[in-house]
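Readers should treat all values here as calculations from the given coordinates under stated rules, not as data from a laboratory. Model, not experiment: these values are computed from the prediction. No Cβ is skipped: glycine too gets one built from the backbone with ideal geometry, and neighbour counts run over all protein chains shown.
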Amino acid sequence: MVHITEEMVRRRAEHNDCEIFSLEEVSLHQQDIERIEHLDRWCRDLKILYLQNNLVSRMENLSRLKKLEYLNLALNNIEVIENLEGCESLQKLDLTVNFIGCLSSAESLRHNIHLRELFLVGNPCTEFQGYRQFLVSSLPQLKSLDGTEISRSERIRSSQGLKEVKRRVLEQEKEFLRRRAEEKEEVQRKAAGEEKGNKERREGSDGCLDTNTSQEVEENTKQLATEEEQQEQEEQEEKEFWNTPCSFTPESRLETHRHLEKKRRAKEKGTEKQPKASRTLITADGRVMNVNEPKLDFSLTEDEQNNTVVLDLSVYRHMDTSLVDVDVQTTYVRVSVKGKIFQVVLPAEVKPDSSTAQRSQTSGHLVLTMPRAEGEIKVSKVVPRPAGVRPSRCRSSSHDRKRSPSSPEWLDVDPSRRTALDLGSIVSDHRAGPGPVEASGGAPPEAAAHCCFSEGFVDDPEVPPLM
């Protein structure tokens with residue numbers, strides 16, 4: 001059973017900034033609602049209320065809606081017109097295709113003095129002899145009935161012989177209510193029989209469990225209840241349900257709705273979508289993949305004259321730019337279009353900081369201009385170094401280049417393009433040979449120190465050095 005909730009009303013009040021206290025119009029059609037509730041407390045200012053194509057069986061909780069002008073309750077299970085005396089401003093009432101057989105209940109609308117249009121097409125009461133004459137004479141404020149305007153001459157004719165018309169209408173109404181009571185009793189007997197059968201089947205299954213072992217029951221179930229047999233049984237039950245004749249009553253309409261709802265839930269349960277696996281953008285070994293989830297046309301060109309790489313992506317023309325996110329890396333570009341990833345590997349290394357992104361105002365295309373990087377990182381195949389040993393600055397030998405392709409590779413920067421200062425050449429290493437001072441012919445440090453001593457200086461090793 002679906003109830004009218006505050007969240008439901010707020011979702012249908014987007015045109016009023018989701019505020020319901022000042023709401024004047026709300027549409028709650030096709031929600032499988034079975035009861036009208038809360039609206040007379042939450043939305044006192046309602047002028048238009050759409051409740052068509054639901055399962056409402058009674059007109060209730062509407063008397064506080066003093067400003068209500070239009071009420072649509074078509075395609076519901078209503079049997080009696082009632083509880084609308086408090087709707088002082090009601091001008092139009094639509095009760096098309098319901099189950100109203102108590103035509104005399106329409107006289108309660110006499111208190112709605114502003115009522116101008118009434119629709120009762122598709123109700124059992126429309127088949128009564130004298131139906132239109134009875135309503136025209138009973139509701140003098142009406143201007144139109146079932147979409148047909150009420151003329152002045154028709155109103156005069158309907159007032160003639162009104163007693164006889166009312167007597168015939170009441171007789172037909174009494175006969176309809178008698179048949180309706182029999183239909184309700186038949187539905188109750190049918191429901192009681194089904195409940196009794198289900199109870200016997202449950203007791204029988206319990207008895208089988210007492211006499212047989214669980215293993216035997218499982219073997220019998222596997223033999224009898226195969227998937228094909230279950231499918232055939234379901235098809236037979238479905239065919240029997242739709243081919244069995246039944247009267248058009250609120251109970252049959254409710255039963256049909258519940259049958260369809262049960263079938264829909266079973267279908268959804270059987271076809272539950274598995275969570276979609278995330279697409280691989282970069283593999284475990286660091287290889288960048290080409291991905292085009294939004295399925296957009298694109299062109300990737302190299303501008304040799306300007307030394308740039310240009311990507312032209314055919315983004316949707318009328319899509320807002322805020323739905324596009326661009327990420328430029330050294331070797332690839334990733335663009336997110338409405339949450340879908342477009343990724344392409346670039347033919348050359350580029351400068352992400354100097355790249356630009358522009359959107360065409362006419363075609364909507366996204367154009368990325370990416371300058372090429374000056375020094376490219378090259379892959380040099382070297383022998384993997386052992387743990388704890390610092391890498392050497394020299395290039396790999398020919399023996400190293402003949403190593404197995406499965407060993408890891410180390411990146412080596414081209415020394416000819418290196419501009420950083422070599423910190424290893426600042427301090428001389430006597431073990432490696434003469435330093436830069438000795439190589440230039442200068443005196444050693446000891447000689448340089450003695451050359452500045454005064455005459456008569458005695459170097460006594462027992463004297464501590466000056467601090």
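Its Cα centre serving as origin, the range 6-175 has a Cβ charge dipole (Lys and Arg +1, Asp and Glu -1) of approximately 780 debye. The convex hull built on the alpha-carbon positions of the range 50-110 has an orientation-averaged projected area of 3.6 nm².
Annotation: amide H of Val309 within the under-5 Å range of Asp303, Met370, Arg372, sequence separation 5 or more or interchain, hydrogens built in the peptide plane. Distance between the pseudo-spin-label points of Thr301 and His114 (7 Å out from Cα toward the beta carbon): 6.9 nm. Working from label points 7 Å from Cα in the Cα-to-Cβ sense, the Leu162 to Gln329 distance is 8.7 nm.
Set the bar at 22 Å for Cα to Cα. Now go through Lys66/Lys92; Lys184/Lys239; Lys267/Lys340; Lys295/Lys338 and name every pair that lies beyond it. Flagged as over cut-off: Lys184/Lys239; Lys267/Lys340. Packing around the peptides 181-192, 75-86, 56-67, taken as the average count of other Cβ atoms within 10 Å per residue, puts them in this order, highest first: 75-86, 56-67, 181-192.
Extension gain, Glu88 to Val121, is 9.5 nm, computed as 0.36 nm per intervening residue step minus the present C-alpha separation. Summed over all non-identical Cα pairs, the Kirkwood treatment of the range 6-175 gives a radius of 16.7 Å.
With the dipole of the range 85-135 worked out from charges on the C-beta (+1 for Lys and Arg, -1 for Asp and Glu) around the Cα centre, which of Thr126, Ile100, His111 lies farthest toward the positive end? Sorting the options by dipole projection puts first Thr126. If you take all C-alpha pairs in the range 291-371, what percent of them are over 18 Å apart? Value for the range 291-371: 35 percent of Cα pairs lie more than 18 Å apart. Residues Glu302, Glu34, Glu195, ranked from the fewest to the most other C-beta atoms within 10 Å, line up as Glu195, Glu302, Glu34. Taking the DSSP bridge list for the range 6-175 and keeping only pairs wholly inside it, about 10 percent are antiparallel. FRET efficiency for the pair Glu268 and Gln30, taken as 1/(1 + (r/R0)^6) with r the Cβ-Cβ distance and R0 = 22 Å, rounds to 0.75. When each of the peptides 334-340, 238-244, 151-157 is scored by the mean number of other C-beta atoms lying within 10 Å of its residues, the order from highest to lowest reads 334-340, 151-157, 238-244.
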